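Everything below concerns the one structure shown next.
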Amino acid sequence: MGKLKNHLIGLEDEFWAEVNNIIGCCETLPEFCNTIWEYRELLPMHTDAHVMENLEVAWNDYWQEKGH
């Protein structure tokens, strides 16, 4: 079970690294979600709704930190 868990954690880390690379390049939340969605397969254990919720939180947090 350890190898699988480590693999899934690695995929999630890769997904969030892509989020961090892409988030500032998008002008709207829908654009961001559409752009990052190609990496969706990196989160096989998460529902689409859960991923979307987390992307919205990430978007809001990012722009709040930027003062927008």
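The values are calculated or read from the model by the stated rules, or taken from the named source; none is laboratory data. Bear in mind the structure is a predicted one, so any value in this text is a computation, not a measurement. Heads up, the Cβs are rebuilt from the backbone with ideal geometry, glycines too, and the neighbour counts pull from every protein chain shown.
Limited to the stretch 41-65, what total is found for residues that are touching a residue at least 24 places away in the same chain (Cβ under 8 Å) and charged (D, E, K, R)?
1
Just to be sure I understand, how many residues within the stretch 41-68 are surrounded by 13 or more Cβ atoms within 10 Å (Cβ to Cβ) and assigned to a helix (DSSP H, G or I)?
Taking the stretch 41-68 first, the residues surrounded by 13 or more Cβ atoms within 10 Å (Cβ to Cβ) are 42-43, 46, 51-52, 54-56, 58-59, 62-63.
With assigned to a helix (DSSP H, G or I) added as a condition, the list becomes 42, 51-52, 54-56, 58-59, 62-63.
Residues meeting the conditions: 10.
If you take the residues of the stretch 24-39 that are within 9 Å of the chain's Cα centre (by Cα) and surrounded by 15 or more Cβ atoms within 10 Å (Cβ to Cβ), which of them is nearest to LEU11 (Cα to Cα)?
It comes out as TYR39.
Which residues, counting only those in the stretch 28-68, are of a type in the set (D, E, K, R) and modelled with pLDDT of 95 or more?
GLU31, GLU38, ARG40, GLU41, ASP48, GLU53, GLU56, ASP61
Kindly indicate whether ASN20 is surrounded by 12 or more Cβ atoms within 10 Å (Cβ to Cβ), among the polar types (S, T, N, Q), under 9 Å from the mean Cα position of the chain (by Cα) and modelled with pLDDT of 95 or more. Working first, answer last.
Values: surrounded by 12 or more Cβ atoms within 10 Å (Cβ to Cβ): no; among the polar types (S, T, N, Q): yes; under 9 Å from the mean Cα position of the chain (by Cα): yes; modelled with pLDDT of 95 or more: yes.
Judged against the criteria, ASN20 is not a match.
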